[in-house]
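Participant: Here it is, the structure, as structure tokens.
The values are calculated or read from the model by the stated rules, or taken from the named source; none is laboratory data. Computed from a predicted structure; not experimentally measured. When we count neighbours, we look across all protein chains shown, and the Cβ atoms used for this are built from the backbone with ideal geometry, even at glycine.
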Amino acid sequence: MNVRALNRALLARQHLLARAEVPAAAMLGHLVGMQAQAPLAPYVGLWTRISGFRQPELAALMSGREAVRGLLMRGTVHLVLAEDARILRPLVQRVVANGYTGHFGRRIGTADLDAVAGFGRDLLAQRPRTRRQLQDELAARWPDQDAEALSYAVSYLVPTAQTTPRGVWGSTGPATLTTLEGWLGSPLASAPSLEDVVRRYLRAFGPASIADVQAWSGLTKLREVIEPMGLRTFRTESGELLYDVEDGLLPDPETPAPARFLPEYDNVLLGHADRSRVLPPGRRVPLPPGNGASRGTLLVDGFYRADWRLLPEGLVVTPHARLTAGERAEIEAEGAQLLEFLGAGDGEIRFTGS
């Protein structure tokens, strides 16, 4: 398979060739969650994939605890269905825990991390707490230790959820943590199937190599899991072996791909070890700060070829290279819909840079 064939397969499975007419919950489940460090980013991610999607649909899922934000794949914040949080967190727990050591190894000190995790779990089970509140109580218990590092130990070692109203469109609130089990009102899965999750990943991101699955999940040593699964296989032009589900979409590589605005951190750009199926050579994925729904990336003919940002006066598009008149017109039409979705329908669309 060549790069263009992989690109069109990815776009089709991500519903970026044509918007789907499905509920937000169904799309969220199909994608096996959405990257959500920027809490409002998934709203744009669903808008670009679902025909007629509006913010209250996802806001209701989050307020009703049918969808939840927490540390999951790659040890990063994802928005997933509640039922998927119960499955995914046990599978990636060691990834999340290892991430704590990697980020805070020099600051851990001499505190017993099991004791810290247990103390923190009890605190969060009593009531949700902000990072600062958790840090203050840990400082009182371990006054000679780095309280900030200990507060992160709790969120990395204890399965937690970020509570609403944070992440609910039109609402505000600090990042507040509670136990994942307490927020969902049910225990985490005791024996989740990694094979099932691999199949779901392939259905949304494949065909993919073992390295791709590992890059998306953060897990390692997946060869021993994937090779016995009886998946269909392909070879790339360079000879790399790719795995796929039997019913995975494989559109004609020449299928037209419309311009699509993606939010910050969209997994279509981050879900593979080999990102050449969507990133041009030398191009890296930007990782901007912020609450989301204000900037992102733009696919043109299926590949990342521009950035966008919402400003008070409207939408600013910064291409990486010259666009054709037809491409600019297509971006303007799609951008006008994005402005309307973001409540800035009177704004202008301006191109800058190349």
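Quick grid of which residues meet (1) under 20 Å from the mean Cα position of the chain (by Cα); (2) not assigned by TED's automatic domain parsing to the domain that holds Val68:
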{"site": "Val116", "(1), (2)": "no, no"}
{"site": "Pro128", "(1), (2)": "no, no"}
{"site": "Arg131", "(1), (2)": "no, no"}
{"site": "Leu134", "(1), (2)": "no, no"}
{"site": "Leu138", "(1), (2)": "no, no"}
{"site": "Asp146", "(1), (2)": "no, no"}
{"site": "Tyr152", "(1), (2)": "no, no"}
{"site": "Thr164", "(1), (2)": "yes, no"}
{"site": "Arg200", "(1), (2)": "yes, yes"}
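Participant: Collect the residues in segment 18-62 that are in a loop (DSSP other than H, G, I, E, B), more than 14 Å from Val80 (Cβ to Cβ) and touching a Leu at 6+ places or on another chain (Cβ under 8 Å), keeping them in residue-number order.
Facilitator: Thr48, Arg49, Phe53
Participant: Being exposed (fewer than 14 other Cβ atoms within 10 Å of the Cβ), in contact with a strand residue (DSSP E or B) (Cβ under 7 Å, 6 or more places away or on another chain) and closer than 24 Å to Gly335 by Cβ narrows it down to one residue among Pro256, Pro280, Pro289, Pro263; which is it?
Facilitator: Unique residue meeting the criteria: Pro280.
Participant: Within segment 228-262, track down each residue that is in contact (Cβ under 8 Å) with a residue 12 or more places away in the chain and closer than 13 Å to Leu194 by Cα.
Facilitator: Met229
Participant: Okay, next question. May I ask you to say which residue of Thr352, Thr318, Thr297, Thr324 is out of contact with any strand residue (DSSP E or B) (no Cβ under 8 Å at 6 or more places or on another chain) and at negative phi?
Facilitator: None of the other options fit; the residue is Thr324.
Participant: Within the group Leu123, Leu138, which residue is outside any loop (DSSP other than H, G, I, E, B), crowded, with 18+ Cβ neighbours inside 10 Å and either in contact with a Ser or Thr (Cβ under 7 Å, 6 or more places away or on another chain) or among the acidic types (Asp, Glu) (or both)?
Facilitator: Leu138
Participant: Further question: Looking only at segment 154-178, count how many residues are more than 15 Å from Arg65 (Cβ to Cβ), of a type in the set (Val, Ile, Thr) and in contact (Cβ under 8 Å) with a residue 24 or more places away in the chain.
Facilitator: 2
Participant: Right, here's the next one. From the list Ala161, Ala149, Ala189, which one is part of a helix (DSSP H, G or I), surrounded by 15 or more Cβ atoms within 10 Å (Cβ to Cβ) and hydrophobic (A, V, I, L, M, F, W, C)?
Facilitator: Matching residue, one of Ala161, Ala149, Ala189: Ala149.
Participant: It is to be established whether one or more residues within segment 41-51 are under 10 Å from the mean Cα position of the chain (by Cα), farther than 21 Å from Tyr201 by Cα and either in the same structural domain as Val92 (by TED's automatic domain parsing) or of a type in the set (A, V, I, L, M) (or both).
Facilitator: no
Participant: Additional query: Scan (1) closer than 16 Å to Gly218 by Cβ; (2) touching a helix residue (DSSP H, G or I) at 6+ places or on another chain (Cβ under 8 Å); (3) not β-branched (Val, Ile, Thr) for the single condition Ser151 breaks and write down its number.
Facilitator: (1)
Conditions (1) among the acidic types (Asp, Glu); (2) modelled with pLDDT of 95 or more; (3) under 28 Å from Ser276 (Cβ atoms); (4) touching a Phe, Trp or Tyr at 6+ places or on another chain (Cβ under 8 Å), marked per residue:
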| residue | (1), (2), (3), (4) |
| --- | --- |
| Met34 | no, yes, yes, no |
| Tyr43 | no, yes, no, yes |
| Ile50 | no, yes, yes, no |
| Arg89 | no, yes, no, no |
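Participant: Now a separate question. For segment 220-242, give me the residue count where each residue is closer than 21 Å to Val92 by Cα and within 25 Å of the chain's Cα centre (by Cα).
Facilitator: Within segment 220-242, residues that are closer than 21 Å to Val92 by Cα and within 25 Å of the chain's Cα centre (by Cα) number 6.
Participant: Something else now. Name, by its number, the condition in (1) more than 18 Å from Arg86 (Cβ to Cβ); (2) without any contact (Cβ under 8 Å) to a residue 60 or more places away in the chain; (3) in contact with a strand residue (DSSP E or B) (Cβ under 7 Å, 6 or more places away or on another chain); (4) surrounded by 19 or more Cβ atoms within 10 Å (Cβ to Cβ) that does not hold for Ala208.
Facilitator: For Ala208, the failing item is (2).
Participant: On to the next question. Considering each residue of segment 161-204, count those that are over 30 Å from Gly248 (Cα atoms), in contact with a Phe, Trp or Tyr (Cβ under 8 Å, 6 or more places away or on another chain) and not small (Gly, Ala, Ser), and give that number.
Facilitator: Result for segment 161-204: 2.
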